[in-house]
Amino acid sequence: MITPRFSVEQDDARVYVKIHAPHVRAQTVEFDVDEDQFKFYASPYYLRLTFPGKVVEDETSSASFDAAAGDISVSLAKQVHGENFENLDLLTSLLATRREKLADNPQGEERIKRPIIEELGATISVEDQVAILNDEDFDWELPQNIPNAASEPSVISQTKYGFNEQYSGFLTHVHSTANEINEVADPESASAEERRQGRIASEDSKFDDGYYMDNYINDEDIQPLIQYKTKYYLALHKIQKDSKRTDSGNQPEAEDAKTTTDSVKDTVWSEFSESEQKTMLDLPRRTHIISNRQAVYLGLVDILFAYALDYRINVGEPTVESAWAIGAVSSSLSNLEQFSSLESVVVSCFRRGLAYPLYRNWELCEKALEDVYTILKLGRRATLKCMLQIKDIFDKHDVYYIYSKIYLDDYCVWLQTAASEKAMRSLAHKLRGFEVEKDSIGWKLDQLEDLALESSESGEELEADVDKKVDVATSTSDSITSLAQNLAEDTQQMQSLSIDEEQQIRMPDTALDVPSRKKLVQIIGEDNTDTNDDDNDNDDENEKNRSAESKTSNEFYLA
């Protein structure tokens, strides 16, 4: 049988079911209403819905079939007029059987039915599970010792891991695949303590002092990511703003929390997209007998932190690396970790957030933790939408899809059927007031930051000195260049002059008062005249010749 796509709406008096069942004949459609259950059958489709309240099939009930669209619309009357049926948009919850269903008691508080099969050796009793669901002041700091594998009676030799530690055999051949998320050497036999020690060793090996110092000083690209306002923050801010506007603010805290949850239903989280509804319909039908509810909630924090960090780094747009980035930061996915206290999960988140992502910055990790608080504060619908997005990212990867099988599918089912709004609000409240000390990380981050600041100041002084020398050299080079340009211009001007202009510029030889050789001889002395008699005679002859030429020239001009 095929489960058709469907949606459910309501008003004060009626419940409306819309079923998409194309290519069926109207004559073959069958309906059955039995108190809180509604059944639909039309080969090859079958649908059974279990409502939070009772419905009746009376004379006002109706059904219509749109053959062109393939939609069947059914209207049923509520047995109690004005009763509000909660969580009609959580499709997996509607598909649960009566035995699986968590009903509301007359006081309006959730209760747990004692399971038919109870797990022996469970670390938390059914009464404790009820306390976790109903007590908003549950002590999330209470440490729970991880059972010693050597002292436990083992029926199956393989180690359990995954959601509620109920899987084995899925990672037998993990090292023969391109799985870069897994860090456990032998996931099928490693104990919880061995996985934890291996995780710490991997984080210590992966952490890079220089990388952290560089991201601490050069945070120009990181600061916009820190200041980025996610859609979850904007939704919660709008709800709180509207609540303050309509209320004086004097209502009790519990009532305020309920108002926040109800406001979420009426705003951005009131409807799931078509793809999200299809994903919910494709989820496996499972009933969870949770052995350690606190570990399940803390594992949720771990996975949400990895998602929030990747979401913030990529500004809300997942990339092809998002599956690896989320899996690497999440200790639950990478090391199959099961946490026992809120402090242990937060410290692990920060350690991996500073060792694996593209940006490794303390303030960025703090913002991611605030995002987790915001998501949990918005309630399980917002949390479910996040888990559906994470599941979609992993489902599209040809290797990492295995983590949907052992973690994400179960979380998506559990959030619809068994997760408690009160417990999630309590966890969000604890996260809000939780402060992470850098000393608890174990990598001497304060010393690295001081060293980074000192290196930055020294580098700035050296850079200033280098800049000064560069300025001097640049000034000298400019002067030389200017002189060369002036010389080149003068040379070009000289080359452009005519011969007559050049002679005018040059000083004539006649302007120079150069004494004759004879006068020089007289000045030097008579001793030199004997050695130069021949030269003197030649000079006298030359003077006579010049006088004769001058006389002839004058006679020529007179004629």
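The values are calculated or read from the model by the stated rules, or taken from the named source; none is laboratory data. Remember, predicted model here, so these are calculated numbers, not experimental data. Don't worry about glycine lacking a Cβ; one is built from the backbone with ideal geometry, like all the others, and counts go over all protein chains shown. These area figures cover heavy atoms from the full protein model, side chains too; ligands, DNA and RNA do not enter into them. Shrake-Rupley method; radii C 1.70, N 1.55, O 1.52, S 1.80 Å.
What to note about this one:
- Most to least packed among 61-73, 12-24, 286-298 [average Cβ atoms within 10 Å]: 286-298, 12-24, 61-73
- Cross-link check: pairs Lys231/Lys444; Lys78/Lys430; Lys385/Lys430; Lys238/Lys444; Lys160/Lys367; Lys18/Lys385 evaluated at a Cα-Cα cut-off of 28 Å; pairs beyond the cut-off: Lys231/Lys444; Lys78/Lys430; Lys238/Lys444; Lys160/Lys367.
- Sorting Lys385, Lys422 by accessible area puts them as Lys422, Lys385; the probe is 1.4 Å, largest comes first, and only protein heavy atoms count.
- Alpha carbon convex hull of segment 1-102, volume per residue in cubic angstrom: 96 Å³
- FRET efficiency for the Glu435 to Arg245 pair, using the beta carbon distance and R₀ = 41 Å, is estimated at 0.85.
- Loop GluC sites (Glu not before Pro), segment 299-374 (other Cβ atoms within 10 Å of the site Cβ: 16 or fewer; DSSP): Glu321
- Relative contact order %, segment 295-351, counting alpha carbon pairs below 8 Å whose residues are six or more apart: 47 percent
- Note that segment 405-416 has calculated 3J(HN,Hα) couplings of 5, 9, 9, 6, 4, 5, 5, 5, 6, 4, 5, 7 Hz, one per residue in order, obtained from phi through the Karplus relation 6.51 cos²θ - 1.76 cosθ + 1.60 (θ = phi - 60°); glycine and proline are x.
- Pairwise FRET efficiency - Glu180 versus Glu274, Cβ, R0 = 41 Å, nearest 0.05: 0.80
- Chain lengthening between Asp32 and Ile226 when straightened (0.36 nm per residue, less Cα-Cα): 64.4 nm
- Full-stretch length increase - Ser73, Thr319 - with 0.36 nm per residue and alpha-carbon distance subtracted: 84.6 nm
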